[in-house]
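Input: a single structure, listed below in structure tokens.
The values are calculated or read from the model by the stated rules, or taken from the named source; none is laboratory data. Owing to the predicted nature of the structure, the values given are computational and were not obtained by experimental measurement. Note that each Cβ is placed from the backbone with ideal geometry, even for glycine, and that neighbours are counted across all protein chains shown.
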Amino acid sequence: MDDRISEVRSLYDEHGPALLRYLRRLTGRREVAEDLLQETFVQAMRSLERIGKAHSRRAWLFVVARHLGINALRRARPTVPLIEAIAATPAVEEDPRLEPMRRAIAELPELQREALQFRLRDGLSYQEIADVLGVPIGTVRSRLHKAVNGLRGRLKTCED
Amino acid sequence: MDSETLEKLMIDRALGAMPPDCEILLAAYLETHPDAAAECGSIEQAVELARQALTDGSAATLPAFPAERLREAQRTDWLWRMTRAAAGIAASVVLGFGAHAMFFPAATPETGMSASSLIAVHGPEQRTEEIGEDAGFWSGERLREQVAEAPRQETTRLVWDSPVRVPRIRGAS
């Protein structure tokens, strides 16, 4: 019985911080994110055999966390809208282009923004993002390319 | 190289998703194509800015490992498994009785007659035939015959003490 818990503990230590960041970003509330993080690892303990067979353990955990987060959002909308949540990051002597970039990211289509965040913020590979979102890897690549091109366009507009 | 393909390769490189051997080939290509190199620089700058914009300075403090919650979940799961197993066994028993009743139907008593009241008794006329013809009705010989035959007068009963058992006849020779 304790073997399973110790195995889950090692997963928690390895992937917990990234999952917590993701859940905080998704739900917009720290306490909700922490509760969902615990629930994610309860699910992980119940499905350790399946995790072992998964292509990527990290992707599997992100899938569970994403489902739990989306369900939580359905029950209660976040108190801080996403655009404000991204834009409200405290800035101390930062690059003046960062603010327009945050706005540009916030205004990206949701699917593109989600893929971009998984790649740049959580460090997931294309394949892992595809596993989490349940789409082909080509779709992930396409979304990321569109997102980057969109950001470049916005950045050029701001610079001009 | 096709400009669209080149752009895709440059974005993959900026996102850090390009295999090392492809990266070497792309770097070699960019060395000889300054326009493409300038565009590549622009893409990498945009991706780097996006990376910085997405990185919030606040470090997420990981809460303590929820060991107690996991143990509680394990206990709940165990109870749930046991309950399901017990329910499965109970369902199997009920199905077993049902199948038995379906494939081995028990004999049912006649309508209007309860199983406990079904008693077969030898009639007195039968006994008179067994007693000698020359013995009178009030004779001592006849009385002795009756006493001697008393055990033979035991009743025959239809016993049906369970709905799932075949009824049996008690007292039948």
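Among the residues examined, B:Ala27 qualifies as away from chain A (no Cβ under 12 Å) and surrounded by 12 or more Cβ atoms within 10 Å (Cβ to Cβ). When restricted to residues that are touching an Asp or Glu at 6+ places or on another chain (Cβ under 8 Å) and at pLDDT below 90, the range A:58-85 contains 1. Could you list, in sequence order, all residues of the range A:109-149 that are more than 16 Å from A:Val63 (Cβ to Cβ), of a type in the set (A, V, I, L, M) and over 15 Å from the mean Cα position of the chain (by Cα)? Matches in the range A:109-149: A:Ala147, A:Val148.
Of everything in the range A:120-141, what is closer than 18 Å to A:Glu107 by Cα and either at pLDDT 95 or above or not in a helix (DSSP H, G or I) (or both)? Give them in sequence order. Matches in the range A:120-141: A:Arg121 only.
Evaluate the following for B:Gly16: is it under 60 Å from the mean Cα position of the chain (by Cα) and at pLDDT 90 or above? Taking the combined requirement at face value, the residue satisfies it. Just one residue in the set B:Leu62, B:Leu70 is part of a loop (DSSP other than H, G, I, E, B), surrounded by 13 or more Cβ atoms within 10 Å (Cβ to Cβ) and either within 11 Å of another protein chain (Cβ to nearest Cβ) or modelled with pLDDT under 90 (or both); that residue is B:Leu62. The residues of the range A:115-124 that are more than 7 Å from chain B (Cβ to nearest Cβ) and either surrounded by 23 or more Cβ atoms within 10 Å (Cβ to Cβ) or free of Cβ contacts under 8 Å to residues at least 24 places away in the same chain (or both), listed by number, are A:Ala115, A:Phe118, A:Leu124. If I ask for residues that are in contact with a helix residue (DSSP H, G or I) (Cβ under 6 Å, 6 or more places away or on another chain) and surrounded by 18 or more Cβ atoms within 10 Å (Cβ to Cβ), which ones from the range A:127-140 would you list? Once the filter is applied, which keeps residues that are in contact with a helix residue (DSSP H, G or I) (Cβ under 6 Å, 6 or more places away or on another chain) and surrounded by 18 or more Cβ atoms within 10 Å (Cβ to Cβ), the range A:127-140 yields A:Glu128, A:Ile129, A:Ala130, A:Asp131, A:Val132, A:Val140.
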